[in-house]
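> First the structure, then my questions, so here it is.
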Amino acid sequence: MKERENESVDNWLSRSASQRKALRSMLNMLKSKELPEIDSDLDQNQPIPNKNKIMNKITHLFKKLGILTVLFWIVGSLNVLAQNPDFVPGKVRIKIKANQLETVVKGMKQSSTDGQLKTGLQSFDKVSEKYAASKMVRVFPDAGKNEFKHVKHGLLLWYEVEVQNEADIASVAQEYGGVEYVELAEPIRQKSLNYSGSSVVERPTAAALETTTNDPYLADQWHLSNDGSLEGSVAGSDINAPKAWDISMGNSNVIVAVVDGGIDTDHEDLKDNMWINTAELNGTPGVDDDGNGYIDDIWI
Ligand SMILES: [Ca+2]
Ligand SMILES: [Ca+2]
């Protein structure tokens, strides 16, 4: 019974549009119930005692409107509370079942209208409609000549669905996960720094200075070689870079891919060592010259 109650609350919270509509209906109902009486009192054009009666009714109506406002505020607040701060709002990622991909994609192309995600598949569209899903796009875009790798590893099965911002994303994921065409669905976790150490970075007297590198900022990089002199740091908590450099200082024939949020291609330590995609560098702007699915990707 309790689970059912929770489910009802979740459903209620996820339908803010319906809530607003319901509250509006209640408001209109109250208005229609109260105002005619007031009008009839006015029509009677009665002396002062009735004026007090009218004022009482108006006060009563405003009290009710006040209660509705509070209710509306509470419902709105609950919507915010329903969101999990650990997840990106308004988006879930789903993996379509491999044997259903063609059906879903074809349905989406044929049925979706502007701002509305539709596939023509009843169970799928039921969830999309409930959470006002607006679109669904591939997490890993078509990679052109390398698309066969996406196919091989199933990356083409992953889609990101955009739903209404205030929806409880965990519930959205759970419901899409129950759709017969979907293998699994999950929220997107928020990325955050969870650093509890000092907010002031001090220059350590790092042991790394006794090395074969000429990097003038080496002393700032305790992670390469840490003698523990930096407050809060632990000696030896490093990657032993100087010992590795004794073995090798690198080889420009080795191309290193940095999988990260971005890279400063003009950084003084990197700019002369960046690998460059010459097909795009010497290609046509706005055109995927090497056919890898990315336009003008000079650095990747
Ligand atoms: Ca390209
Ligand atoms: Ca290009």
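> Stretched out fully, how many nm does the piece from residue 214 to residue 269 gain, at 0.36 nm a residue minus the Cα gap?
Numbers: separation 55, 0.36 × 55 = 19.80 nm, distance 1.14 nm.
Stretched out fully, the residue 214 to residue 269 stretch lengthens by 18.7 nm.
> OK, next. Taking the Cβ of each residue in 53, 118 as the centre, tally the other Cβ atoms inside 10 Å and list the residues starting with the fewest.
With the sparsest Cβ surroundings first, the list reads 53, 118.
> Residue 296 versus residue 235, label points 7 Å from Cα toward the beta carbon: distance in nm?
Spacing of the two 7 Å Cα→Cβ label points: 5.3 nm.
> Could you calculate the contour length gain from residue 53 to residue 284, that is, 0.36 nm times the residue separation minus the distance between their Cα atoms, to one decimal place in nm?
Full extension of this stretch gives 75.2 nm more.
> Tell me, in nm to one decimal, what length is gained between residue 99 and residue 189 on full extension, where the rule is 0.36 nm per residue of separation less the Cα-Cα distance? Please list the in-between numbers first.
Details: separation 90, 0.36 × 90 = 32.40 nm, distance 2.77 nm.
Residue separation times 0.36 nm, minus the Cα-Cα distance, leaves 29.6 nm.
> A further question on this structure: Starting from the amide H of residue 119, placed 1.01 Å from N in the peptide plane, find each other amide H under 5 Å away whose residue is 5 or more places distant or on another chain.
Placed amide hydrogens put 125 under 5 Å from residue 119.
> Report, by chain and number, residues whose modeled amide H sits under 5 Å from the one on residue 91, excluding near sequence neighbours (fewer than 5 apart, same chain).
163
Values quoted throughout were computed directly from the atomic coordinates according to the rules given, and no laboratory measurement underlies them. Keep in mind the model is a prediction, meaning the values are calculated, not measured. Backbone-built Cβ (ideal geometry, glycine too); neighbour counts: all protein chains shown.
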